[in-house]
Amino acid sequence: MAAVFIGHIAVALAAKRIAPRTSLGVLVLAAQLPDVIWPVLVLAGLEKVEIHPGDTAFTPLNFVSYPWSHSLLLVILTGAVAGYCYRAGTKDLRGGRAVMFLAVSHWVLDWLSHRADLPLYPGGSLYGLGLWNSVPATLVIEGALFAAGIALYLQATQAKDRAGHYAFWSLIAFLTVIYVANLKGSPPPSDSAIAWVGIIGAVVLFAWAQSADRHRQPKDR
């Protein structure tokens with residue numbers, strides 16, 4: 001799970017205001033869509049990541065090649081397909097649009113954070129503004145995004161019961177702990193370990209967010 005994940009979760013939380021019928025689990029999955037696809041392609045040998053402590057100040061990962069999961073063109077295409085499928089299956093127009101928007105927002109946030117390793121299309125030029133080169137700037141910006149996402153989600157929903165309160169705040173606490181652990185912990189042992197953590201993490205986040213959101217309801221506005 002890449003260190004920037006907390007920014008993606010922030011956008012998913014905020015999206016509840018524009019797609020109140022869509023579960024938080026679906027919104028989180030959509031915001032993480034490129035990172036859900038990426039570990040599968042790493043395990044298949046189609047994309048490559050290397051562990052280089054110091055590659056940037058914030059993460060030891062060197063994203064050598066990920067043209068299929070993280071090029072802007074294919075992120076737009078996969079987001080459009082995911083949004084269309086969600087809309088077709090649920091008849092939720094707002095939700096379908098939110099799913100596509102969240103998938104594309106993933107590339108935008110990565111562009112802000114990564115050094116120039118994100119392609120516009122497979123084989124294309126690489127881009128990235130390099131926020132990760134500064135730990136303080138990363139913490140301030142991603143922390144502000146996360147706080148804003150939580151605030152917007154709480155403005156849009158209210159707990160139906162005690163589980164809706166405790167499940168949500170335990171999820172927020174878990175995300176915070178994982179974020180700090182990514183920053184303070186040792187580098188991962190291998191690229192396959194990174195991939196498996198990414199897959200398992202996506203499943204856990206989806207299930208937890210889905211469960212917490214089931215015990216909450218949209219606020220009357």
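The values are calculated or read from the model by the stated rules, or taken from the named source; none is laboratory data. Computed from a predicted model, the values in this text were never measured in an experiment. Cβ placement follows ideal geometry from the backbone for every residue including glycine, while neighbour counts extend to all protein chains displayed.
Can you tell me which residue within region 177-221, out of those that are more than 15 Å from V28 (Cβ to Cβ) and of a type in the set (D, E, K, R), is modelled with the lowest pLDDT?
Pass one, region 177-221, residues more than 15 Å from V28 (Cβ to Cβ): 177, 180-197, 215, 217-221.
Next, only the ones that are of a type in the set (D, E, K, R) stay: 184, 191, 219-221.
Values: K184: 80, D191: 93, K219: 86, D220: 71, R221: 57.
Only one residue fits best here, namely R221.
Between a first residue in region 153-182 that is exposed (fewer than 15 other Cβ atoms within 10 Å of the Cβ) and charged (D, E, K, R) and a second residue that is modelled with pLDDT of 95 or more and in a helix (DSSP H, G or I), which pairs have beta carbons less than 6 Å apart while being 6 or more apart in sequence or on different chains?
none
The conditions are (1) of a type outside the set (V, I, T); (2) in a helix (DSSP H, G or I); (3) more than 27 Å from V64 (Cβ to Cβ), and Q158 fails exactly one of them. Which is it?
So the condition that Q158 fails would be (2).
Residue-wise test of (1) within 21 Å of A181 (Cα to Cα); (2) modelled with pLDDT under 95; (3) in a loop (DSSP other than H, G, I, E, B); (4) of a type in the set (A, V, I, L, M).
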| residue | (1), (2), (3), (4) |
| --- | --- |
| G7 | yes, yes, no, no |
| A14 | no, no, no, yes |
| T22 | no, no, yes, no |
| V28 | yes, no, no, yes |
| P34 | no, no, no, no |
| L46 | no, no, yes, yes |
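Please note which helices (runs of 4 or more DSSP H) are completely contained in region 52-153 and include at least 1 residues that are among the charged types (D, E, K, R), on the phi < 0 side of the Ramachandran plot and out of contact with any Gly (no Cβ under 8 Å at 6 or more places or on another chain).
93-113
Starting from region 61-77, take each residue that is within 17 Å of E50 (Cβ to Cβ) and touching a residue at least 12 places away in the same chain (Cβ under 8 Å) and list its partners that are assigned to a helix (DSSP H, G or I) and not hydrophobic (A, V, I, L, M, F, W, C), counting only C-beta distances under 6 angstrom and pairs at least six apart or across chains.
S69/P34; H70/P34
Residue by residue through region 9-54, note down the ones that are without any contact (Cβ under 8 Å) to a residue 60 or more places away in the chain and not aliphatic (A, V, I, L, M). Write out each step before concluding.
Here is the first cut: in region 9-54, the ones without any contact (Cβ under 8 Å) to a residue 60 or more places away in the chain are 37, 41, 44-47, 52, 54.
Hits for region 9-54 are G45, E47, H52, G54.
Here is a check on your reading of the model: is A209 over 30 Å from G54 (Cβ atoms) and either of a type outside the set (D, E) or in contact with a strand residue (DSSP E or B) (Cβ under 7 Å, 6 or more places away or on another chain) (or both)?
Answer is yes for this residue.
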